[in-house]
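The values are calculated or read from the model by the stated rules, or taken from the named source; none is laboratory data. No experiment lies behind these values; they were computed from the predicted model shown. Glycine gets a Cβ as well: all are built from the backbone with ideal geometry, and neighbour counts include every protein chain shown.
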Amino acid sequence: MNDLIKDIIAGENIEVIFKTVLNDLYRIGPTSTTDMEILSYLFLYHPVEFEKYKTAILNYMAVFYKNIDRDSLKDVIFGQYRKYIRDTYNKEYTPIQASVIKGIDANKCFSFSAPTSTGKSYVFMNKIQECQNDVVVVVPSRALINEYYLKLCDLIQDKAVNILTFIDKINTKKSKRNIFIVTPERCRELFKQKDLFNVELFLFDEAQLSNEDSKRGLYFDSIVRRCLKAYPDATYVFAHPFVKNPESQIEKNHFNSETSFAIRYTQKNVGQMFLCRDNNWKFYHFGIDTSIMGRKKRACNFDPIEKTILNNGSVLFYISKSKIYNKEFLKQFDRYISLCTEIEDPRINDYIEKIKLYTGSDTAINKNHYSQMTALLKRGIVIHHGSLPLQTRIIIEQFTKEGFCRICFATSTLEQGINMPFDVVYLDRLEASKPLSVKNLIGRAGRSTLDNKFDFGYVIINSLNNRTKFREVMTNEEELDNVSILEKEDQQDDDYTEFKEAILNGTLSDEFNLTENELAKLSTDDIETIAKNILDSLFIKENFISLDEIRNDEYCRLSLYSHFKSLYEGYLGRSLNDGESNVLNTAIKIIIWRVYGKTFKNMCWYRYSHASKSHERDAREKSGKGTDDLMAHFFTGYNDIPNKNLNVFSLFPMGTKAKDVDYDIIMYDTYDYIDKLIGFKLSDVFYATFFKYFEKTNDTRALKLAKYIKYGTDEERYIWMLRYGLSFEDIEVLDKHIDRINSEGILFKKSINDITEEQKVAIIRYL
C-alpha cells in the first residue's frame with residue numbers, strides 16, 4: 001500500500017485497508033498520524049463501510065469516555081481494560097489519562113507531553129478537586145485563567161474552597177483551602193505570603209512557555225525556582241503539547257531525579273486530514289508519510305471550508321496580526337465571510353452589549369467608536385489575538401463555546417492552551433521556524449466529542465508549494481532546552497541581567513518583586529527628591545488636584561511627565577532614548593487616568609478623540625465643512641521598554657486621515673499598555689518607590705499614590721472588594737449590598753437577594 005489517498009477515493013482495496021489499520025490500532029493504539037489520516041479518509045469517503053468497523057475502531061482507540069458497544073472478543077478485552085480503570089480511579093479515564101494520574105501520584109515532579117486532544121484538562125480538574133490542601137495552577141495567559149476558573153467553579157460546589165484568580169489570604173472564616181489560578185506574573189504574589197499557605201500541588205500548564213527566549217521565558221523559569229524554594233515538599237506537574245523531551249523541566253530546574261519522572265504520550269483521540277489549495281481556491285488532499293499516502297496531491301471534489309460553514313461547523317483561520325490590523329483578511333477571505341449572514345438569536349446581542357459596555361465600542365458603521373471586531377460577532381465571526389482586552393477575550397471565548405462562532409480569525413494566541421477546537425484549521429502562514437506553535441494550532445483541528453462516532457478535522461495550508469515544509473514540521477520532533485535561560489550566558493539584554501542574578505542568588509524581593517539593587521536605587525536621595533516633586537505636582541495638601549488642572553496646565557503636565565521619566569531612568573540606570581520616552585509618556589498618561597478612576601472605555605475614548613481629532617471633525621461637520629483633508633494626530637503606540645533600539649514611531653502611518661482612525665486598534669493598543677507595560681513592569685517600580693518613600697518619611701500622600709498605582713483606589717473597603725476579585729464595575733453594583741468585608745469574609749445585606757443572577761456572578765461563591 002503506497003498510494004492510499006488515491007485508493008481510498010477510488011474505492012480500491014477498502015476492506016484490506018480497514019483491516020490493516022485495525023491491526024495497527026489494536027497493537028499500538030492511535031499513535032500514528034498516518035493511521036489517523038487513513039481513518040479520516042475512510043470515514044469521509046466510505047461512511048457505510050466505516051460504520052461496520054466503527055465499534056472496533058473506537059474500542060482500539062480506547063476513547064472510553066464514549067458509550068461504545070462490544071461486538072467481539074477483542075472489544076471485550078478493551079471493555080475489561082475500561083472497567084479496570086474505572087474501578088481503580090472511579091472515572092471514565094482513557095489509558096493516557098489514567099497514566100497521567102499515576103505519574104502525578106507516584107512522583108514529586110511529573111513532566112509529560114501529549115497532543116492537545118488527549119483530555120488532560122479533565123484529569124487536572126479531577127486531581128485539583130481531590131487535593132486536601134492549597135493548589136496553584138500556573139497558565140501562560142489570563143484568558144486561560146478564566147477557562148480554568150469557570151470549569152473549577154462548576155466542578156467544585158463546596159464554598160469552603162476558595163477558587164481565586166489571584167493570590168491572597170481571604171474568606172478565612174469559611175474557607176479551608178485555596179485553589180489559585182494565575183499567570184507566572186501573578187504568581188509572584190505568592191511569595192510575600194508564602195507562610196500563610198500549605199501548597200500541595202503546583203500545576204504548570206502549557207509549560208513550553210519556559211522555552212521562550214524572552215523575558216516571559218525567563219520569568220517562567222524564575223517562578224518555578226521560587227516555588228521550589230518556598231515549597232520543597234509540594235508536587236510539581238508540567239504539561240506540554242508535542243514535546244519530545246518533557247524531562248527538560250526536571251533537568252533545567254534541578255529537581256531530584258529519584259523522585260521525578262517524565263513521559264511522552266503520542267496517542268491521539270481525533271483524526272486529521274491534510275489539504276492544500278491553489279490560487280483558484282481548488283483543494284487537494286496530501287499525506288504526511290508519502291511512502292504510504294502517496295507523493296502526489298489528489299483533487300478534493302468539495303470546498304471543506306464552505307462545507308463546514310454551511311453545516312454549522314466552525315473554521316479557524318490562522319493569520320498574522322498585521323492582516324487583522326490592516327483589515328486585509330476581509331478581502332482575502334471574503335468568499336467565506338459572505339457565507340455568514342447575521343444570526344438571529346438574542347443571546348448574541350447580549351454578548352455584543354457586554355463588549356460595548358466594557359470597551360465603549362459601537363456597531364453602527366457611521367459612528368465615531370465603530371468597532372468592526374464587535375460588529376462581526378453578529379455574523380458569528382470572531383477575531384482573537386493577544387491584544388484583545390481580557391474581558392473582551394473572555395466574552396468572545398464564551399461566545400465560541402456556546403456554538404455561535406462560524407469563523408475565527410486568530411493569531412498565535414490560541415497556542416496558549418485555550419480550549420477552542422474547530423472543525424477546520426486553515427494556516428494562512430506556515431512558520432517553520434516555530435514548529436511547536438504550528439503543531440499546537442494544528443491540534444485545534446477536530447473536536448473530541450462524547451458522541452459515539454469517529455471525530456476528525458481538516459488542516460489546510462495556503463499553498464501547493466508548502467507541502468514539503470509542512471511535512472517537515474509534522475514529522476520533526478521538538479525539543480526544549482535542558483538548560484534554563486536563567487543559567488545561559490549572554491541570552492538576555494543587559495537590562496535583564498540583574499533580574500537573572502537575583503533569581504539565582506535568591507536576592508529578589510518577594511514583597512516588591514524587584515532586586516535588592518533595584519530597591520536600593522529607588523531609595524536614593526535623588527529618587528526621593530523626584531518622588532516628592534511628583535507628590536507636590538499631584539496633590540494639594542492630602543487631596544489629588546483635579547484632572548482638568550493637569551490637562552489645562554501645560555507646565556504642570558510636562559513637569560509631571562518629566563519627573564516620572566527621571567524616576568524610571570534612575571531605576572534603569574541610564575537615560576531613555578526618544579522612542580522609549582514617548583512610550584513612557586503615554587504609559588504615564590494612562591497611569592494618571594487610572595489614578596483618577598477612568599475606566600478602560602474612558603481611556604479608549606480619550607485616545608481615540610486625540611488621534612482622530614473627533615472634536616475638530618464634529619465642529620467642521622456642523623459648520624458644513626469637509627474633513628477629508630484632516631490628518632490623524634501623531635500617536636505613539638505600545639512598544640516594550642526598555643529597548644535601546646526603539647525609534648520614534650506613530651501607530652498610524654503618515655497620511656492616515658483623521659476620520660479613518662480605527663477604534664479597534666486604539667482599543668488593542670490601550671490594553672497592551674495596561675497589561676504588558678504598566679501591569680507587568682511599571683507598576684512594580686512606581687509602587688515600590690512611593691511605598692518606600694512613605695516608610696521613610698511617613699508622607700501619607702505617598703501611601704495614597706502607591707495604593708492607587710496598585711489597586712486604582714486607596715479606599716480600604718474597595719481594596720478589600722478588589723482583593724475578593726470584584727472589578728470596579730462589580731463594586732458599583734454590589735457596594736450598597738455589602739455590610740462588612742475583611743479578611744474573614746463578606747457579610748451581605750438582605751438586599752443582595754434583590755439583584756439579578758448575572759450581577760451575583762462575581763460574589764456567588766461568597767454567598
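Hey, any hits in segment 748-758 for a residue that's of a type outside the set (Phe, Trp, Tyr) and touching a Phe, Trp or Tyr at 6+ places or on another chain (Cβ under 8 Å)?
Narrowing segment 748-758 to residues of a type outside the set (Phe, Trp, Tyr): 749-758.
Subsequent filtering for residues that are touching a Phe, Trp or Tyr at 6+ places or on another chain (Cβ under 8 Å) retains none.
No, that holds for no residue.
For ARG557, the test of being over 29 Å from SER222 (Cα atoms), at pLDDT 95 or above and touching a helix residue (DSSP H, G or I) at 6+ places or on another chain (Cβ under 6 Å) is failed.
The set of residues in segment 458-481 being modelled with pLDDT under 90 and part of a loop (DSSP other than H, G, I, E, B) consists of SER463, ASN476, GLU477, GLU478, GLU479, LEU480, ASP481.
Right, LEU514: more than 27 Å from the chain's Cα centre (by Cα) and modelled with pLDDT of 85 or more or not? Lay out the reasoning, then the answer.
Details: more than 27 Å from the chain's Cα centre (by Cα): no; modelled with pLDDT of 85 or more: yes.
Criteria not met by LEU514.
The residue of segment 601-637 that is surrounded by the fewest Cβ atoms within 10 Å (Cβ to Cβ), among those that are without any contact (Cβ under 8 Å) to a residue 60 or more places away in the chain and under 28 Å from the mean Cα position of the chain (by Cα), is TYR606. No other residue among SER113, SER121 is of a type outside the set (Lys, Arg), in contact with a helix residue (DSSP H, G or I) (Cβ under 8 Å, 6 or more places away or on another chain) and under 22 Å from VAL224 (Cα atoms) apart from SER121.
Can you pull out every residue in segment 219-251 that is out of contact with any helix residue (DSSP H, G or I) (no Cβ under 7 Å at 6 or more places or on another chain), within 20 Å of LEU436 (Cβ to Cβ) and touching a residue at least 60 places away in the same chain (Cβ under 8 Å)? Matches in segment 219-251: LYS244, ASN245, PRO246, GLU247, SER248, GLU251. Considering segment 183-293, the qualifying helices (runs of 4 or more DSSP H), each wholly inside and each with 2 or more residues that are under 19 Å from the mean Cα position of the chain (by Cα) and surrounded by fewer than 23 Cβ atoms within 10 Å (Cβ to Cβ), run over 184-187, 215-230.
Does GLU344 meet the test of being part of a loop (DSSP other than H, G, I, E, B) and without any contact (Cβ under 8 Å) to a residue 12 or more places away in the chain? Lay out the reasoning, then the answer.
Details: part of a loop (DSSP other than H, G, I, E, B): yes; without any contact (Cβ under 8 Å) to a residue 12 or more places away in the chain: yes.
The answer is yes for GLU344.
For segment 1-10, which residues satisfy the criterion of being assigned to a helix (DSSP H, G or I) and of a type in the set (A, V, I, L, M, F, W, C)? Those that are assigned to a helix (DSSP H, G or I) and of a type in the set (A, V, I, L, M, F, W, C): LEU4, ILE5, ILE8, ILE9, ALA10. Hey, does segment 96-104 have a residue that's at pLDDT 90 or above, in contact with a Phe, Trp or Tyr (Cβ under 9 Å, 6 or more places away or on another chain), part of a loop (DSSP other than H, G, I, E, B) and more than 24 Å from GLN391 (Cα to Cα)? There is no residue in segment 96-104 that is at pLDDT 90 or above, in contact with a Phe, Trp or Tyr (Cβ under 9 Å, 6 or more places away or on another chain), part of a loop (DSSP other than H, G, I, E, B) and more than 24 Å from GLN391 (Cα to Cα).
Search segment 641-655 for residues being of a type outside the set (S, T, N, Q) and touching a helix residue (DSSP H, G or I) at 6+ places or on another chain (Cβ under 7 Å), and hand back the single one that is nearest to TYR673 (Cα to Cα).
Here the answer is ILE641.
Return only the number of the condition from (1) under 37 Å from the mean Cα position of the chain (by Cα); (2) among the aromatic types (Phe, Trp, Tyr); (3) closer than 30 Å to ALA299 by Cα that TYR65 does not satisfy. Just one mismatch for TYR65, condition (3). So, restricting to helices (runs of 4 or more DSSP H) that lie completely within segment 675-744, which ones have at least 1 residues that are within 24 Å of GLU758 (Cβ to Cβ)? Once the helices (runs of 4 or more DSSP H) in segment 675-744 are filtered for at least 1 residues that are within 24 Å of GLU758 (Cβ to Cβ), what remains is 716-723, 728-734. Quick one: is ASP3 of a type in the set (Asp, Glu) and surrounded by 16 or more Cβ atoms within 10 Å (Cβ to Cβ)? So ASP3 fits the description; yes. For first residues located in segment 532-555 and within 19 Å of THR700 (Cα to Cα) and not assigned by TED's automatic domain parsing to the domain that holds TYR687, partners that are surrounded by fewer than 14 Cβ atoms within 10 Å (Cβ to Cβ) and modelled with pLDDT of 90 or more and lie 6+ apart or on another chain with Cβ distances below 8 Å do not occur.
Yes or no: segment 312-332 includes at least one residue that is closer than 23 Å to LEU388 by Cα, in a loop (DSSP other than H, G, I, E, B), of a type outside the set (Gly, Ala, Ser) and out of contact with any helix residue (DSSP H, G or I) (no Cβ under 9 Å at 6 or more places or on another chain). The answer is yes; a qualifying residue exists.
If the condition is being outside any loop (DSSP other than H, G, I, E, B), hydroxyl-bearing (Ser, Thr, Tyr) and in contact (Cβ under 8 Å) with a residue 60 or more places away in the chain, then segment 144-168 contributes no residue at all. Of all residues in segment 728-752, those satisfying the criterion of being without any contact (Cβ under 8 Å) to a residue 60 or more places away in the chain and within 26 Å of LEU155 (Cβ to Cβ) are ASP730, LEU734, PHE748, ILE752.
Anything in segment 6-20 that is of a type in the set (A, V, I, L, M) and either exposed (fewer than 14 other Cβ atoms within 10 Å of the Cβ) or closer than 19 Å to ARG295 by Cα (or both)? List them, or say none. So that I can check it myself, show each step before the final result.
At the first step, the residues of segment 6-20 found to be of a type in the set (A, V, I, L, M) are 8-10, 14, 16-17.
ILE8, ILE9, ALA10, VAL16, ILE17, listed by residue number.
Of LYS296, LYS321, LYS282, all but one fail to be modelled with pLDDT of 95 or more and of a type in the set (D, E, K, R); the exception is LYS282.
Of the residues in segment 11-68, how many are among the β-branched types (Val, Ile, Thr), part of a helix (DSSP H, G or I) and closer than 21 Å to ARG264 by Cβ? Matching residues across segment 11-68 total 3.
For GLY506, the conditions (1) small (Gly, Ala, Ser); (2) exposed (fewer than 13 other Cβ atoms within 10 Å of the Cβ); (3) without any contact (Cβ under 8 Å) to a residue 24 or more places away in the chain all hold with the exception of (3).
Every condition in (1) of a type in the set (S, T, N, Q); (2) within 21 Å of the chain's Cα centre (by Cα); (3) surrounded by 20 or more Cβ atoms within 10 Å (Cβ to Cβ) holds for ASN107 except the one numbered (2). Here ASP526, ASP548 are screened, and the one residue that is within 30 Å of LYS367 (Cβ to Cβ) and assigned to a helix (DSSP H, G or I) is ASP548. Given the structure, is LEU584 in a helix (DSSP H, G or I) and out of contact with any helix residue (DSSP H, G or I) (no Cβ under 9 Å at 6 or more places or on another chain)? Spelling it out, it is not the case that LEU584 is in a helix (DSSP H, G or I) and out of contact with any helix residue (DSSP H, G or I) (no Cβ under 9 Å at 6 or more places or on another chain).
Take VAL139 and decide whether it is in contact with a Lys or Arg (Cβ under 7 Å, 6 or more places away or on another chain) and hydrophobic (A, V, I, L, M, F, W, C). So VAL139 fails the test.
Restrict the check to segment 757-765 and report whether at least one residue is touching a Leu at 6+ places or on another chain (Cβ under 8 Å) and surrounded by 20 or more Cβ atoms within 10 Å (Cβ to Cβ). Among the residues of segment 757-765, at least one is touching a Leu at 6+ places or on another chain (Cβ under 8 Å) and surrounded by 20 or more Cβ atoms within 10 Å (Cβ to Cβ), which makes the answer yes.
Restricting attention to segment 562-600, the residues that are of a type in the set (D, E, K, R), touching a residue at least 40 places away in the same chain (Cβ under 8 Å) and surrounded by 18 or more Cβ atoms within 10 Å (Cβ to Cβ) add up to 2.
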